[in-house]
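Notes for the one structure printed next.
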Amino acid sequence: MTGKVAFLFPGQGSQYVGMGRDFAEKFSSARDVFSTVDRICGKSVSSLCFNGPIEALTITDTLQPAVIAVDLAILSVLRQRGIEPYVSAGHSVGECAALASSGVVDFSDALRLAAKRGELMHREATAHPGGMLAVIGLDLDTVRRIAEEAGEMGVLDVANHNAAEQVVITGEATALKKAGSLVKEMKGRAVPLKVSGAWHSRLMADGVSEFREFMDEINFKPPQGLMIFNATAASESDPAKIKDMMAGQLINPVLWYGSVRRMAADGVTAYVEVGPKNVLTGLVKKILPADSSATLHNVQDIESLERFIEEFI
């Protein structure tokens, strides 16, 4: 495989029981990642990844470091095979893995970031309940207007711009209910998401400064490889600014549509989803033009790894 390769790292919502187990069984580097996340979290996150139950796995303060551990375990194996990306990007908490992929932090610190982020977001979701709603069939400007009008009923923000006409809104239940009605009036489709909090909304605001202070303990380096950030759909090289963006990400939207468009404009020829399931691959398919020659790959288990290696070589 020649050309520019993008590694894409999924976040919360991509989990399943059994994720990462075959990598841990076969590769020592993957086992090291899971041992590290267990130590950092003070519990057997790896056992929940491999064996469940799903109810315990999906609690936010466990789930965020769990997904990042799987992302990084797979990344470690790709590195062993000599495969490095031209550009890295992660969706929401997936940015913690992208930081490691691009050399901003090491694997251990990426897991520390995910664990602290999950802890803070779980705390804030408990203190400030809310939810999320996917809006299908309406563009970003239309959804922003809906959010502004429905926001008179309570806190409501845009959480994710995932594709041209796939936007997620986030906030308090009364405001989401009003927004759902407005979406239907505009001939869009409103799909409630099975989440335990209003991620990327102002309801997470009390965690931002604490997360930023936590990052003062971690050595962030300028990226060794290109990284596209959720907050701006652009690259950044200043470690202090990267820390600010990672903290602000708790309340700011994930600009995934713009991020993929930016990578496409930069000539990326292969997009590789590194982690459980294929949510990001599906979004990339929706974002790239129909005549794009870029290839899409997913590495989530040994079978898909070997298939990708064969195609790459």
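The values are calculated or read from the model by the stated rules, or taken from the named source; none is laboratory data. Small disclaimer: the values here were computed from a predicted structure and weren't measured. Glycine also receives a Cβ, built like all others from the backbone with ideal geometry; neighbour counts cover every protein chain displayed.
Looking only at helices (runs of 4 or more DSSP H) that lie completely in region 234-313, which have at least 1 residues being crowded, with 22+ Cβ neighbours inside 10 Å and β-branched (Val, Ile, Thr)?
In region 234-313, the matching helices (runs of 4 or more DSSP H) lie at 239-248, 256-265, 279-287.
Quick one: residue 84 ticks every box in (1) crowded, with 17+ Cβ neighbours inside 10 Å; (2) assigned by TED's automatic domain parsing to the domain that holds residue 308; (3) within 22 Å of residue 284 (Cα to Cα); (4) not hydroxyl-bearing (Ser, Thr, Tyr) bar one, so which box is it?
(1)
Please pick out the residue among 179, 147, 164 that is small (Gly, Ala, Ser), in contact with a Phe, Trp or Tyr (Cβ under 8 Å, 6 or more places away or on another chain) and touching a residue at least 24 places away in the same chain (Cβ under 8 Å).
So the residue among 179, 147, 164 that is small (Gly, Ala, Ser), in contact with a Phe, Trp or Tyr (Cβ under 8 Å, 6 or more places away or on another chain) and touching a residue at least 24 places away in the same chain (Cβ under 8 Å) is 164.
Kindly indicate whether residue 33 is touching a helix residue (DSSP H, G or I) at 6+ places or on another chain (Cβ under 7 Å), at negative phi and surrounded by fewer than 24 Cβ atoms within 10 Å (Cβ to Cβ).
For residue 33, the condition - touching a helix residue (DSSP H, G or I) at 6+ places or on another chain (Cβ under 7 Å), at negative phi and surrounded by fewer than 24 Cβ atoms within 10 Å (Cβ to Cβ) - is not met.
What helices (runs of 4 or more DSSP H) lie completely within region 36-99 and have 3 or more residues being over 28 Å from residue 248 (Cα atoms) and without any contact (Cβ under 8 Å) to a residue 40 or more places away in the chain?
45-51
Report yes if some residue within region 183-199 is crowded, with 24+ Cβ neighbours inside 10 Å and over 19 Å from the mean Cα position of the chain (by Cα); otherwise report no.
Yes, region 183-199 has at least one match.
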